[in-house]
Amino acid sequence: MEFQVERTTKNGLESVILRSASGEFSAEVLLFGATVVSFTVGGSERLFVSDDAIWNGIKAIRGGIPICFPQFGQPLKEMSQHGFARNSHWTLARTETKDQEATVLLTLQDTEETRVLWPHAFMLRYRVTLSYRSLTTELTAYNPGDTDYKCQMLLHTYHRVQVSDMSVDSFEGCLCYDQLTKGDAEPETQRMGHIDREVDKIYLEKPGAKPIPSPLHISAQEGPMRVYKTASKGKMDMEYKTEVPVDVVFWNPWIDKAKSLADLPDLAYKNFVCVEPGIVQGWITLCPGESLTLSQILEARDKE
Ligand code: BG6
C-alpha cells in the first residue's frame, strides 16, 4: 500500500497530512503543539476535535491528541496546566514515506521563554506514523544539558465516540486515583463499562497492583479501537533501555464541566472520551544524556 505526505494548513495553522494513496487512511498533525487533529479509517474520523476549538496558535487545541509535557495537571504552579508543549510552535524536522507507512517527525527544544517557566535544556522529538489501520505517536524527551531534570509526559487522546454507546475494557481491580474525590489511590470497584457521569481518574501501573489491560479495547459505534502503550528510559542512542510503567487517565467532563469549558460546545461531552496514556506518577528524572520515550499505537479494527 502506497502512502503520501502533504504540507498544508488547517484553519490557518501549518499542518502535515499523512495518507494512503487510496485515501482509506489519513492523519493530520499541526506544527502548533504537534497536535494530531485527525485520524481517519475508511473515511471515518476516529478522533474528536471540538467545534469550538480555538485556532489562534496560542490556546491549545481542544481535541485530537494534545501533548502534555513537562507536567500533567499543574503540580508546578508557575507553569500552565499540562505544560507548554501543547501550545508551543514545533519544528518540522522530516517527513518520510515507505512502502507501508508515512511518518512526520517534529521537534521542540528549550527557548528563553520555556526556561523562564522551566529552567532546563531539553529536546523533544515526536514521531507520528500512519500505516494500515494504525497511528503510532511516539514522544521522546532528551536531556542535552549538564544537570538532571524531572518531567512527566502524556498523550491526551480524544477518541470520537458516542458516549451513550461506548465501553472501555474493564479497569476493575486496577489501582485508581480519582481526581474528583482526591482520596487515596484504591483498586477500581466499578466495571466502568460505560460513562454516565463526570469521570477523571488516573489508573496507576505499579508493581504489585493489577496491570492495566493491554492493549485497551474501546468499543464504539464508530468501530473498535485498540490502544497499545509502552515507555522506556535510557541513554539517548543506546539500545539498552529500561521499561517505564505507563499510567492511563480516563476523562469525560460530563454536563457541568463541559459548560465551564469555553472551547467545548455544551453537549459535546456526549461525543468523546479521553483515554490518555502517560507517565504521571510522580516524576521521572532524566540525567544528562538520558531520554524517555512514550509511545501509543491506535489500531482501528473492523466493526464487529
Ligand atoms: C485531563 C485531566 O487529562 O485533562 C482533567 O485529568 C482535565 O483533570 C482535562 O480537566 C482537560 O484539561 P484541559 O487543561 O485541557 O482543560
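Couple of notes before you dig in:
- Residue pairs whose Cβ atoms lie under 9 Å apart, separated by 6 or more positions or on different chains, with the first residue in region 186-207 and closer than 19 Å to Pro253 by Cβ and the second assigned to a loop (DSSP other than H, G, I, E, B) and charged (D, E, K, R), are Gln190/Glu172; Met192/Asp169; Met192/Glu172; Lys201/Glu188; Tyr203/Glu188.
- Residues of region 129-179 satisfying the condition of being touching a strand residue (DSSP E or B) at 6+ places or on another chain (Cβ under 6 Å), among the polar types (S, T, N, Q) and outside any strand (DSSP E or B): Asn143, Thr157, Gln179
- Considering Ser38, Ser15, the condition of being touching a residue at least 24 places away in the same chain (Cβ under 8 Å) and not in a loop (DSSP other than H, G, I, E, B) is satisfied by Ser38 alone.
- Number of the condition not met by Glu243 [criteria: (1) in contact with a strand residue (DSSP E or B) (Cβ under 6 Å, 6 or more places away or on another chain); (2) over 22 Å from Thr189 (Cα atoms); (3) in contact (Cβ under 8 Å) with a residue 40 or more places away in the chain]: (3)
- Every pair of residues 6+ apart whose Cβ atoms lie under 6 Å, when the first sits in region 250-269 and is over 18 Å from Thr157 (Cα atoms) while the second is surrounded by 15 or more Cβ atoms within 10 Å (Cβ to Cβ) and of a type in the set (A, V, I, L, M, F, W, C): Asp266/Ala258
- Residue check, Pro265 more than 21 Å from Val168 (Cα to Cα) and in a loop (DSSP other than H, G, I, E, B): yes
- Among the residues making up region 63-94, those that are surrounded by fewer than 16 Cβ atoms within 10 Å (Cβ to Cβ) and either closer than 30 Å to Met1 by Cβ or among the hydroxyl-bearing types (Ser, Thr, Tyr) (or both) are Ser80, Thr91, Ala93, Arg94.
- For region 180-209, filtering for residues that are outside any loop (DSSP other than H, G, I, E, B) and either away from the ligand (no atom under 16 Å from the Cβ) or over 20 Å from the mean Cα position of the chain (by Cα) (or both) leaves 2.
- Any hit, region 86-97, residues being assigned to a strand (DSSP E or B), in contact with a Leu (Cβ under 9 Å, 6 or more places away or on another chain) and without any contact (Cβ under 8 Å) to a residue 12 or more places away in the chain: yes
- Region 210-259, subset of a type in the set (Phe, Trp, Tyr), under 30 Å from Gln162 (Cα atoms) and outside any helix (DSSP H, G or I), residue nearest to the ligand (Cβ to nearest atom): Trp251
Residue-by-condition table, conditions (1) in contact with a Leu (Cβ under 7 Å, 6 or more places away or on another chain); (2) surrounded by fewer than 16 Cβ atoms within 10 Å (Cβ to Cβ); (3) at pLDDT 95 or above:
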{"residue": "Thr136", "(1), (2), (3)": "no, no, yes"}
{"residue": "Thr147", "(1), (2), (3)": "no, yes, yes"}
{"residue": "Arg160", "(1), (2), (3)": "yes, no, yes"}
{"residue": "Ser170", "(1), (2), (3)": "no, yes, no"}
{"residue": "His194", "(1), (2), (3)": "no, yes, no"}
{"residue": "Leu204", "(1), (2), (3)": "yes, no, yes"}
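- Qualifying residue in region 293-301 (condition: more than 15 Å from the chain's Cα centre (by Cα), surrounded by 17 or more Cβ atoms within 10 Å (Cβ to Cβ) and more than 16 Å from the ligand (Cβ to nearest atom)): yes
- Residues of region 95-124 satisfying the condition of being surrounded by fewer than 21 Cβ atoms within 10 Å (Cβ to Cβ) and closer than 30 Å to Val41 by Cα: Thr95, Glu96, Thr97, Lys98, Asp99, Gln100, Glu101, Thr103, Leu105, Thr107
- Selection status of Ala27, modelled with pLDDT of 95 or more, exposed (fewer than 14 other Cβ atoms within 10 Å of the Cβ) and assigned to a strand (DSSP E or B): no
The values are calculated or read from the model by the stated rules, or taken from the named source; none is laboratory data. Note that the structure is predicted; figures quoted are calculated from it, not measured. Virtual Cβ from ideal backbone geometry, glycine too; neighbours counted across all protein chains shown.
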